[in-house]
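**Q** Below you'll find the structure I mean.
The values are calculated or read from the model by the stated rules, or taken from the named source; none is laboratory data. What you are looking at is a predicted structure, and each value in this text was computed from that prediction instead of being measured. FYI the Cβ positions are ideal-geometry reconstructions off the backbone, even for glycines, and counts take in every protein chain you see.
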Amino acid sequence: MLLNDNPSRTSRTSRTAGAELEAVTDATFADRVLGSDLPVLVEFWAPWCGPCRMLGPVLEQIAGEHADRLRVVKINHDENPQTGMATRVMAVPTMQVYRDGELVKSLVGARSKARLLSELEDVLSPA
């Protein structure tokens with residue numbers, strides 16, 4: 001039997017699967033984040049950051065579940081220092097939420113999905 005032939009495994013995978021996060025750069029930040037019609041959660045991360053690696057799957061799940069209300073992107077802080085300096089990011093992981101080109105929320109450190117969704121409740125609620 002192939003793994004995909006097991007219905008319980010397939011349904012479990014589809015429930016927890018998320019969306020791959022778009023990577024933005026210093027060059028694309030203004031267009032993709034500040035110019036977005038949707039609110040945007042930006043994760044500032046680094047490859048060496050353990051908490052960033054733990055947070056990645058959580059953000060992918062949120063991106064997949066709330067794609068109609070929130071865009072979730074990531075930016076490698078080490079490779080894109082201009083954006084980090086301009087937005088005053090001092091540590092990774094940092095998550096910043098932008099709405100209509102303005103910073104509306106900043107969160108530092110990894111979180112559980114439940115806690116992050118609770119902190120994003122005002123952003124995810126219909127306006």
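**Q** Restricting attention to the stretch 89-99, which residues are more than 12 Å from the chain's Cα centre (by Cα) and closer than 17 Å to Val24 by Cα?
**A** Scanning the stretch 89-99 gives Val89, Val92, Arg99.
**Q** Over 13 Å from Thr25 (Cα atoms), small (Gly, Ala, Ser) and touching a residue at least 40 places away in the same chain (Cβ under 8 Å), is that true of Gly84?
**A** no
**Q** Next question, about the same structure. Name the strands (runs of 3 or more DSSP E) wholly within the stretch 6-125 that hold at least 1 residues that are aliphatic (A, V, I, L, M), loosely packed, with under 14 Cβ neighbours inside 10 Å and in contact with a strand residue (DSSP E or B) (Cβ under 8 Å, 6 or more places away or on another chain)?
**A** 102-108
**Q** In the stretch 1-56, how many are modelled with pLDDT under 95 and among the small types (Gly, Ala, Ser)?
**A** Count: 6.
**Q** Report, ordered by the first and then the second residue, all pairs with beta carbons closer than 8 Å, sequence separation of six or more or different chains, a first member in the stretch 23-44 that is touching a residue at least 24 places away in the same chain (Cβ under 8 Å) and small (Gly, Ala, Ser), and a second member that is surrounded by 15 or more Cβ atoms within 10 Å (Cβ to Cβ) and in a loop (DSSP other than H, G, I, E, B).
**A** Note: no pairs meet the criteria.
**Q** So, one more: Just to check your reading of the model, which residue among Glu79, Glu65 is touching a residue at least 40 places away in the same chain (Cβ under 8 Å) and under 27 Å from Pro126 (Cβ atoms)? Break it down stepwise before answering.
**A** Numbers: Glu79 fails: under 27 Å from Pro126 (Cβ atoms).
Result of the check over Glu79, Glu65: Glu65.
**Q** Which is modelled with pLDDT of 95 or more and more than 15 Å from the chain's Cα centre (by Cα), of Glu121, Glu102, Glu65?
**A** Glu102
**Q** Could you tell me which numbered condition Glu79 fails, if it satisfies all but one of (1) modelled with pLDDT of 95 or more; (2) under 22 Å from Val104 (Cβ atoms)?
**A** It is condition (2) that Glu79 fails.
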